[in-house]
Amino acid sequence: MAERIYFKIGDVAKKFNVNTSLIRYWEKEFAFIKPKKNEKGTRYYSKKDIDNIEIVYHLVKVKGMTIQGVNDYLNNRKEDDTIDKLDVISTLKRTKQLLCDIKEVLSKRN
């Protein structure tokens, strides 16, 4: 089965266990979250958009930062260190999930 390239807002909200309104709010507050929209206005989020949302989610929901605090933090970071580190973490989480899925498939075959 082919992996999806774009995700609708409901799928993204479900992944982070938040309301779609929060995703739309973050989209307004953070210029680096830019989903594609069709003529009807339906949002389509790429993996990069989802990674960016994961960064915001981590800083707001896990670290407890305010929106202004996140903006200040991201604006004052040194040469994209923070984004790079969070990108690595995100990649490692996806890799772990993929390996767990493979393990599950293999265990069902035995």
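At-a-glance table
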| item | result |
| --- | --- |
| Value of [θ]222 nm, deg cm²/dmol, for the chain, DSSP H segments ≥ 4, -39500 (n - 2.57) each, nearest 500 | -20000 deg cm²/dmol |
| Linear extension gain, residue 37 paired with residue 102, 0.36 nm per residue minus alpha-carbon span | 20.1 nm |
| Gap separating the Cα centres of region 36-69 and region 1-30, nearest whole Å | 7 Å |
| Accessible area (Å², 1.4 Å probe, nearest 10) - residue 4 | 120 Å² |
| GNM flexibility winner over the chain from 40, 15, 93 (Cα, springs under 10 Å) | 40 |
| Anchor residue 36: lysines whose Cα lies under 20 Å away (excluding residues fewer than 8 positions away in-chain) | 8, 14, 15, 28, 47, 48 |
| The chain: most fluctuating residue of 34, 14, 48 per GNM, C-alpha cutoff 10 Å | 14 |
| Order of exposure, largest accessible area first, which applies to 106, 22 with probe 1.4 Å | 106, 22 |
| Residue 11 accessible area, assembled protein chains, probe 1.4 Å, Å² | 60 Å² |
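The values are calculated or read from the model by the stated rules, or taken from the named source; none is laboratory data. The structure displayed is predicted, hence computed values, not measured ones. Heads up: the accessible areas ignore ligands, DNA and RNA and are worked out on the full protein's heavy atoms, side chains in. Shrake-Rupley method; radii C 1.70, N 1.55, O 1.52, S 1.80 Å.
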